[in-house]
Structures are given as C-alpha cells and as structure tokens.
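Chemist: Have a look at this one before I ask anything.
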Amino acid sequence: YRPLMDEMATFMDREYHARPLLAFDVAEDAGARRDVLCPFDRRVRVGSVQWTSRDQASKAVDAAWAAFPRWDATPVAERAAIVSRLGDLMEEHLAELMTLCSREGGKLLTDGVDEIREAVDFCRYYAVRAEELFGSATRLPGPTGESNELMMGGKGVFAAISPWNFPIAIFCGQVVAAAVAGNPVLAKPAEQTSLAANRIIELLHEAGMPRDVVQLLPGDGPTVGSVLSGDPRITGVVFTGGTDTAQIINRALAAREGAPLPTLIAETGGMNAMIVDSTALPEQVVADVIQSAFQSAGQRCSALRVLYVQDVVADRVIEILKGAMDELHVGDPRHLGTDVGPVIDEDARRGLMAHIETLKGEGRLVAETRLDPTHTAQGTFVAPVAFEIDGIEALEREQFGPILHIVRYRASEIDGVIDSINGRGYGLTFGVHSRNQTFADEIAQKIRAGNVYINRNIIGAVVGVQPFGGQGLSGTGPKAGGPHYLLRFATEKTVTENTAALGGNASLLALGDE
Ligand code: UN1
C-alpha cells in the first residue's frame, strides 16, 4: 500500500465541489449547498455539494426522455466501449478515488481497494454481457415460410438511487448496467457520498458517455427522489437501500396516473444469520465472524447480524471472539493498523447507540472492542459489540453497524432456528459453519437467502463469480454482477415475418414486367 498511500497524500487536502451534472448547464449557486464533513474527523470539511432543485430534476427527465431513441439505437459495441473505458479510467484514478472513499465515506484502505475493484469489474462484466445479449437478434425456430427473431432493446428512462455504503461500486454498477442496456439514466447518489458519485460521472463523461444519457442529480429523497419516482416518464428505478424506502418508491411508481407499468429493481436490507454447529472449528468461525460482522464497520447489507451457535460450543466460540474483539483497532481509516473505521454520520451513530442501550436491557454483553479517544474523539465511531439474546423475534429492524447478536441453540431446536430465520421474511446472505457436510448442505438448502456461504465469511461477493442479491424483503432480484441482471433493464421484441409474402411480391413484379 505504500506507493498508493504516497499518491493518496496529494488528494488528502483537496476540496471537492459537486453539483448537478445535467444535459444543460446549471449555474453555480442555483440550489442549496451542503458541506461534506469527514466521518472520522468532523472538523475536516471535504467539500460541498450543490443540490438539484425540483425544477432541474424535472428538466433532466425531459432531456433523458428525448435522448432515449438515439441512445437505444446506438450500437451496443459503442455503448459497451464507453462503459469499459470508465473501468480503465477508474483504475487510472485509483488513488484519488480511494482518498474520496476514505475522506467522504470513512472507508479503510483495504475496503477502498475492494470497492474500486468491484466497480471496475461491474463495468467490464456488464460491457461483455451487453454485447452478448444485445449484439444480435436470436433466431427462433418456425415453420417454413416464416422467420422468428427475438430482439433486445432498452426500456426507457431509469432512475438509479444508490446508497452511501458502496459510494463507487454500487453507484457505478447501477448506472452502467442501465446505460449499457440502452437506457438514459438519472443517477441520484446518497446524500452522504455525492462527491465520489460526482467524480465517477465526470470520468464517465470523459469516457464518452453523452451528457444527456447519464445525468447526476445530487439531493435528498424527499426532493429529487420523489420527483423521479413520481414522473410518469420514468420507466424503471434501480434502487439499493433500506426495505422501507424501497416500499415508498414502489408505492410512488404504482400511483402514477397514465404511466407505463414500472420496473423496480431493488436490493434492500437483511437480517443475515450464520449457524454454527458443534463440529465447526471455533477459530475459523471467529475469524469469519469478525470479518462478516465488523469489516466496513458492519455497514454492508451482506454483513452478519445474528450468530446462532450450538450450545455445546457456544462458550468456546464466545471466549475466542472476546479475545479477537479485544484486539481490534477502531480509528482513522487511513492508517494501515486500523481494523474498523467510523460509521457514516451522527444520525447513524445515534441510532446504533440507541439499539445498544436496548440490548443492554434485553440481552447480555459478551464481547466488545474498546474505543481509544485519542483516535476516535473527533469522528462518528461505534465500537464493535456482541450481545447474547434469546431469539431474533424482538429485533425490530436491520441495524446497519458493528453490532452482533448471538443466540444459543440446542441440536434439537435446529428446525425452529431455520423457521425463525426464514420467518423474518428477509433473505440476503446466510452462513453455515460445520464439518458435517450433510448438515451444512441441508441447512443451505432450507434457508431462503440469495447468497449462502458454507465454512467461510459471508461478505465480499465477487462480480461474475458470486452474483449478489436477496429475496423476499431483501430485494426483487435479479442479482447484481450475475448473468441475468441486464435482462430487467431490457425489453424483448419478437419479430415474426411471413417470408413467403416477399417471394410472392417478387413473382407478382415479375408478372407485371411481362
Ligand atoms: C451492500 O452492502 O449493499 O458481498 C452490498 C458484499 C458486497 C455487496 C454488498 N459485494 O459484501
């Protein structure tokens, strides 16, 4: 990391200013401006963001709508080349993008590298997949004298509403998927991470993406989000974030008068669990639990929230976990020795602390990491904690931070555990640790979750290798980074032609000549 860190130093003090990047010019000071403060040191101002007004958002939809036929007719090879070029540009700007991830998003260097790797992978994977799907019509069988072809095209205008926890990877994945499939995109990044989003769209325009095809609309949900989801010209929304917000978007899309039936592609929350039986290796379990629950300060939708441990090994697992959590360093994400960085902002910190207070009453604190005020006093930090609780029924919602819940179970209760996990209705990631292959396979089969991991951690799905996404309350599918993702951004057109008719015309013409 040393050469990368030296290069990052040149971006550490730079002030960034983001504003709407629309098909038309937007005057500076044309909207409300917000300061962006650094999550690990609230005294540091990273820059500012000018928010998009309702009027600008609505004009941006006009421009996107007008761009659709032209963009949809642009050869897919050209669209794919632009998207691949963005991947190359992100690699060239790795140090700057990592600095932004860390200063604006509070990300560790290791997380930053993973994040940009994932974004680059999305660009290259979707570019290749788009050429396969949209490159040529599929010929279908039919009777003699008839030809049948299936053609793929874009659907219309997409709004892409993305979260702050993967300010580059998820943001970029949504935008390039929608665009490469032939759809103009209106991208609304999370309020907390507009600067990173702004830099990515600048690079995308540099890569050759027309300014009316991908536009950036920084702002909040009630303003920009509601203009987009209320506009009848928005064909679809691709969204990653909370389940509650996905439901609000779904209702807004459905309520539009005279609009086409909408597409909602949502990747939402989870109540991700791991089951550990008596045959599992406790040291391996703890290493994987630490990563799954506390990497990225637990701010991944894939993160582990509930650890079920069979009673006979529970004390041993908790003892090792206690030791491991004691060793974690919470602090400045720019230092290589830091394991856990800050949570995104003060609202997040307050919410997590309130949940910890509740757990103090209802559960038993079994392991924690201590905060060292010399490294954490100026930022929004939450120390990793693990509480033992009786069951997940009392857990109201996903807690997006470094809080682990532990539940002991007896071997005879395993069916109840599975019912309880499935019964919550979420289904994103899930893990099982066991050296009993039959047990592991059976559990993996019974659990309703999008990504199941056996004897390893449950985060860090790799594009093209582990397509990612949940079911039920956790999302609509299809999986990001998977072979079917682009299909939901596309329309299919079946063209059937009576080829005998042409033959008939030809002979009629020939008759006329005589
Ligand atoms: C998210 O946090 O919204 O598997 C998605 C992972 C990442 C995806 C997380 N690739 O941890």
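Chemist: Just tell me which lysines come within less than 21 Å, Cα to Cα, of Lys493; anything on the same chain fewer than 8 places away is out.
Modeler: Cα-Cα hits under 21 Å: Lys155.
Chemist: So, one more: Using R₀ = 22 Å, calculate the FRET efficiency as 1/(1 + (r/R₀)^6) where r is the Cβ-Cβ separation of His375 and Glu346; round to 0.05. Before the final figure, lay out the partial values.
Modeler: Working: r = 18 Å, r/R0 = 0.81.
Using R0 = 22 Å, I get an efficiency of 0.80.
Chemist: Measuring from centroid to centroid over Cα atoms, what is the spacing of region 460-476 and region 14-39 in Å?
Modeler: 32 Å
Chemist: Remind me, relative contact order of region 159-252 in percent, using alpha carbon pairs under 8 angstrom and six or more residues apart? Walk me through the intermediate numbers first.
Modeler: Numbers: 124 pairs, mean separation 32.1, N = 94.
For region 159-252, the relative contact order is 34 percent.
Chemist: Still on this structure: Of Cys172, Cys38, Cys301, how do they rank once you tally other Cβ atoms within 10 Å and put the fewest first? Before the final figure, lay out the partial values.
Modeler: Working: Cys172 33, Cys38 20, Cys301 26.
Placing the least packed residue first, the sequence is Cys38, Cys301, Cys172.
Chemist: Here's another thing I want to ask about it. Using only alpha carbon pairs under 8 Å that are at least six residues apart, calculate the relative contact order of region 88-161 and give it in whole percent. Before the final figure, lay out each step's value.
Modeler: On the way: 41 pairs, mean separation 14.0, N = 74.
Computed over region 88-161, the figure is 19 percent.
Chemist: Where a ≥ b ≥ c are the square roots of the eigenvalues of the C-alpha gyration tensor, would you call region 1-98 rounded, which needs a/c under 1.5, or, failing that, prolate if a/b is larger than b/c, or oblate? Each step should come with its number before you reach the end.
Modeler: Numbers: a/c = 3.83, a/b = 1.27, b/c = 3.01.
It comes out oblate by the Cα gyration axes.
Chemist: Show which aspartates and glutamates lie in cross-link reach of Lys322 when reach means a straight Cα distance below 15 angstrom and same-chain residues fewer than eight apart are skipped.
Modeler: Candidates past the 8-residue exclusion: Glu283, Asp288, Glu368, Glu388.
Chemist: Between Asp88 and Arg364, what is the label-point separation in nm under the 7 Å Cα-to-beta-carbon projection?
Modeler: 6.1 nm
Chemist: Order of Thr491, Thr138, Thr240 from fewest to most other C-beta atoms within 10 Å? Mind showing how you got there, number by number?
Modeler: On the way: Thr491 17, Thr138 12, Thr240 25.
Ordered by Cβ neighbours within 10 Å, fewest first: Thr138, Thr491, Thr240.
Chemist: Right, next: Across 20 Å bins from the origin, how do the percents of Cα pairs in the chain run, short distances first?
Modeler: Result returned by the calculation: 22, 51, 22, 4, 1.
Chemist: Which length gain, in nm to one decimal place, applies between Ala259 and Glu149 when the Cα-Cα distance is subtracted from 0.36 nm times their residue separation? Please report the intermediate quantities before stating the final value.
Modeler: Details: separation 110, 0.36 × 110 = 39.60 nm, distance 2.83 nm.
Taking Ala259 through Glu149 to full extension adds about 36.8 nm, to one decimal.
Chemist: Moving to a separate point now. Obtain the radius of gyration and the Kirkwood radius of region 333-406 from its C-alpha atoms and give Rg over Rh.
Modeler: Details: Rg = 13.0 Å, Rh = 13.2 Å.
Dividing the radius of gyration by the Kirkwood radius yields 0.98.
Chemist: While we're looking at this one, here's another question. Can you return the lysines within cross-link range of Lys59? Criterion is Cα-Cα under 18 Å, with same-chain partners fewer than 8 residues away left out.
Modeler: Output for Lys59: Lys188.
Chemist: Moving to a separate point now. Please return the longest stretch of the chain lacking exposed loop sites, where chymotrypsin sites (Phe, Trp or Tyr not before Pro) count only if DSSP places them in a loop and at most 13 other Cβ atoms lie within 10 Å.
Modeler: Between the exposed loop sites, the longest stretch runs 25-514.
Just so you know, all these numbers are worked out from the coordinates, no wet-lab data involved. On a predicted model such as this, the values are computed, not experimentally measured, just so you know. Neighbour counts run over all protein chains shown; Cβ positions are idealised from the backbone, glycine included.
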